[in-house]
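Enquirer: For reference, the structure I am asking about is given below.
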Amino acid sequence: MRKLWGGAFKGSSSDLADEFGQSIESDLRFWREDVEGSIAHAKMLGETGIILKKEANLLVKGLKQILKEGSDKLPRDVEDIHTAVEERLGKIVGPVAGKLHTARSRNDQVATDTRLYLLKRLAAIQVEVKALQGVIVTVSSDHKNTLLPGFTHQQHAQPITLAFHQMAHFWALQRHGWRLEQVSEVSGYSPLGAAALAGTPFPISRKQTAKELGLTAPIPNALDATSERSYVLDALHSCSQIMIDLSRLSQELVLWSSPEFGWVQLDDSLTTGSSIMPQKRNPDMAELIRGRAAKAIGNYSAVATMMQGLILGYNRDTQDDKPPLFESLDLTERSLALTRMMLETATWNVEAMEQSTDRDFSTATDMADYLARNGIPFRQAHEIVGKAVRTCQERGIGLEDLTGKDLKKISSKLDEGVLKVLTPKGSVKSRTSEGGTGPSAVTKQIAAAKKHLAKSGFPT
């Protein structure tokens, strides 16, 4: 295996050690970023006079040829992507390729590659977040009056609308988008030129290479530049947060598509059948998103645990920060796309949703609120309504079935005016407070959401 070191060694490393330490297959993910960083570095070397301008031009020309060729011509019998690029460059431009590594180290090089790659992927994930939000707004706009039970403790709590429920996911995604922007901001600084850990005696221009790469500025301290991986942890944390919420949404789709609920049917393109049970329609994509959220959480935990034991300076341990990062980025981007596809192709069973609110006592709070508005202390009102619920259960009816005569038997505090809020529709309609489930309140939410979608980024 070809390496960029070894002059001080008498013997060669064992095949097992070479194989164990090789990262080329993983590193190929950011081969393009490695070449782009090298182009910026080569230009700077020429413009600062560290190497001849014609040498720098030759290096840049060769590196641009590698970009055109793609990764297929890069050698694989090498230690890492940096070796692969330099080896290929040597085949193209000859011995001058050896000057490319002047005033840099693989330590600052890999940190730069990772940041450049991460910035591109974060931008792509933000696009998917926006796309999912757009579908949620469409579904919500179509279902402002579609009733279903709202849950606490996974028990029927209060009636809500499908629009209200879906908009809760919209605002969660808005926060995720905002977090991704913050991760992009902290990732957008340049380690290039930090060299191994202490800088370099060559008269480099770190500001020039940072500008060339579209990064904000050089990281002020060379040791910090090569040591820190907090931006990787930030990205992993954001991915795990997104996957947690997508998992919760997926769990709802799994439950809601079951015969017991029958609230939604997922499209054929996103479900599977059974090899033995012909009737089955399995919500596999939702289940896989739910299951693979654990991977995203585990990847954050793995890298955090790895980093907590490392002293400052590059340590080989951090070679293993990239496979978890790549996996979490892939999982998050694909899960966002699949969730969008599930929602935009879903068939909602409005009638089944509304039937689930019948006689489920989810308007009990409305009865208590009615009494409180009429001067009854809420704790006393709570007890009166509890008695009403017990009476209904004993008779096998719902609160919405009560008559004026029934109310008087339950309590002298109750009058027929309360009957207006005992139906699920009446309950939902009454909840007009900001952020509430009432159609008027949800309409305002949707309008605000559309304004956010029309803007670039994710304003809070």
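Enquirer: For region 268-291, does any single residue satisfy the condition of being over 30 Å from Asp234 (Cα atoms), free of Cβ contacts under 8 Å to residues at least 24 places away in the same chain and surrounded by 16 or more Cβ atoms within 10 Å (Cβ to Cβ)?
Expert: Yes, region 268-291 contains a residue that is over 30 Å from Asp234 (Cα atoms), free of Cβ contacts under 8 Å to residues at least 24 places away in the same chain and surrounded by 16 or more Cβ atoms within 10 Å (Cβ to Cβ).
Enquirer: With respect to Asp77, determine if the residue is farther than 30 Å from Pro218 by Cα, out of contact with any Pro (no Cβ under 6 Å at 6 or more places or on another chain), free of Cβ contacts under 8 Å to residues at least 12 places away in the same chain and acidic (Asp, Glu).
Expert: Judged against the criteria, Asp77 is not a match.
Enquirer: All but one of (1) open to solvent by 60 Å² or more (accessible area, probe 1.4 Å); (2) among the hydroxyl-bearing types (Ser, Thr, Tyr); (3) assigned to a helix (DSSP H, G or I) hold for Ser433; state the number of the condition that does not hold.
Expert: Looking at each condition in turn, Ser433 falls short on (3).
Enquirer: For region 118-136, which residues satisfy the criterion of being among the hydrophobic types (A, V, I, L, M, F, W, C) and open to solvent by 10 Å² or more (accessible area, probe 1.4 Å)?
Expert: Across region 118-136, the qualifying residues are Leu119, Ala123, Ala124, Val127, Ala131, Val135.
Enquirer: The conditions are (1) part of a helix (DSSP H, G or I); (2) touching a residue at least 60 places away in the same chain (Cβ under 8 Å); (3) hydrophobic (A, V, I, L, M, F, W, C); (4) open to solvent by 10 Å² or more (accessible area, probe 1.4 Å), and Ile384 fails exactly one of them. Which is it?
Expert: (2)
Enquirer: So, one more: Please work out if Val186 is modelled with pLDDT of 95 or more, within 22 Å of Tyr300 (Cα to Cα), buried (at least 19 other Cβ atoms within 10 Å of the Cβ) and within 19 Å of the chain's Cα centre (by Cα).
Expert: no
Condition check ((1) among the basic types (Lys, Arg); (2) in a helix (DSSP H, G or I); (3) over 30 Å from Ser205 (Cα atoms)) across all residues:
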{"position": "Leu67", "(1), (2), (3)": "no, yes, no"}
{"position": "Asp72", "(1), (2), (3)": "no, yes, yes"}
{"position": "Glu86", "(1), (2), (3)": "no, yes, no"}
{"position": "Gly94", "(1), (2), (3)": "no, yes, no"}
{"position": "Val127", "(1), (2), (3)": "no, yes, yes"}
{"position": "Phe151", "(1), (2), (3)": "no, no, yes"}
{"position": "His165", "(1), (2), (3)": "no, yes, yes"}
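Enquirer: For Thr48, indicate whether it is out of contact with any helix residue (DSSP H, G or I) (no Cβ under 6 Å at 6 or more places or on another chain), within 28 Å of Gln319 (Cα to Cα) and touching a residue at least 40 places away in the same chain (Cβ under 8 Å).
Expert: no
Enquirer: Looking at region 151-183, which of its residues are open to solvent by less than 10 Å² (accessible area, probe 1.4 Å) and touching a strand residue (DSSP E or B) at 6+ places or on another chain (Cβ under 8 Å)?
Expert: Pro159, Thr161, Leu162
Enquirer: Given (1) over 25 Å from Ser258 (Cβ atoms); (2) under 21 Å from the mean Cα position of the chain (by Cα); (3) open to solvent by less than 40 Å² (accessible area, probe 1.4 Å), identify the lone condition not met by Ser335.
Expert: (1)
Enquirer: So, in region 296-326, of the ones that are among the β-branched types (Val, Ile, Thr) and open to solvent by 60 Å² or more (accessible area, probe 1.4 Å), which residue ends up farthest from Gln241 (Cα to Cα)?
Expert: Only one residue fits best here, namely Ile311.
Enquirer: Need the failing condition index for Lys130 against (1) in contact with a strand residue (DSSP E or B) (Cβ under 7 Å, 6 or more places away or on another chain); (2) more than 23 Å from Ile24 (Cα to Cα), just the number.
Expert: (1)
Enquirer: Cβ-Cβ below 9 Å, separation at least six or inter-chain, first residue in region 322-349 and within 14 Å of Val232 (Cβ to Cβ), second among the charged types (D, E, K, R) and open to solvent by less than 20 Å² (accessible area, probe 1.4 Å): which pairs?
Expert: These pairs meet every condition: Lys322/Asp27.
Enquirer: Let me ask something else. Would you please name the residue that is farthest from the chain's Cα centre (by Cα), looking only at residues in region 85-117 that are more than 15 Å from Ile39 (Cα to Cα) and open to solvent by less than 10 Å² (accessible area, probe 1.4 Å)?
Expert: Among residues in region 85-117 that are more than 15 Å from Ile39 (Cα to Cα) and open to solvent by less than 10 Å² (accessible area, probe 1.4 Å), the one farthest from the chain's Cα centre (by Cα) is Ala111.
Condition check ((1) touching a helix residue (DSSP H, G or I) at 6+ places or on another chain (Cβ under 9 Å); (2) over 19 Å from Ile160 (Cβ atoms); (3) touching a residue at least 60 places away in the same chain (Cβ under 8 Å)) across all residues:
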| position | (1), (2), (3) |
| --- | --- |
| Leu399 | yes, no, no |
| Gly404 | yes, yes, no |
| Ile410 | yes, yes, no |
| Leu419 | yes, yes, no |
| Lys444 | no, no, no |
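Enquirer: Looking at region 219-246, which of its residues are within 17 Å of Val110 (Cα to Cα) and open to solvent by 30 Å² or more (accessible area, probe 1.4 Å)?
Expert: Within region 219-246, Asn221, Leu223, Asp224, Glu228, Ser230, Leu233 qualify.
Enquirer: Here's a follow-up. Can you tell me how many residues within region 351-360 are open to solvent by 50 Å² or more (accessible area, probe 1.4 Å) and either part of a loop (DSSP other than H, G, I, E, B) or under 25 Å from Leu132 (Cα atoms) (or both)?
Expert: The total comes to 2.
The values are calculated or read from the model by the stated rules, or taken from the named source; none is laboratory data. These numbers were taken from a predicted model, which means no experiment stands behind them. So basically every Cβ, Gly included, is an ideal-geometry build from the backbone, and we count neighbours across all protein chains shown. Please note that ligands, DNA and RNA were not included when accessible areas were found on the heavy atoms of the full protein model with its side chains. Shrake-Rupley method; radii C 1.70, N 1.55, O 1.52, S 1.80 Å.
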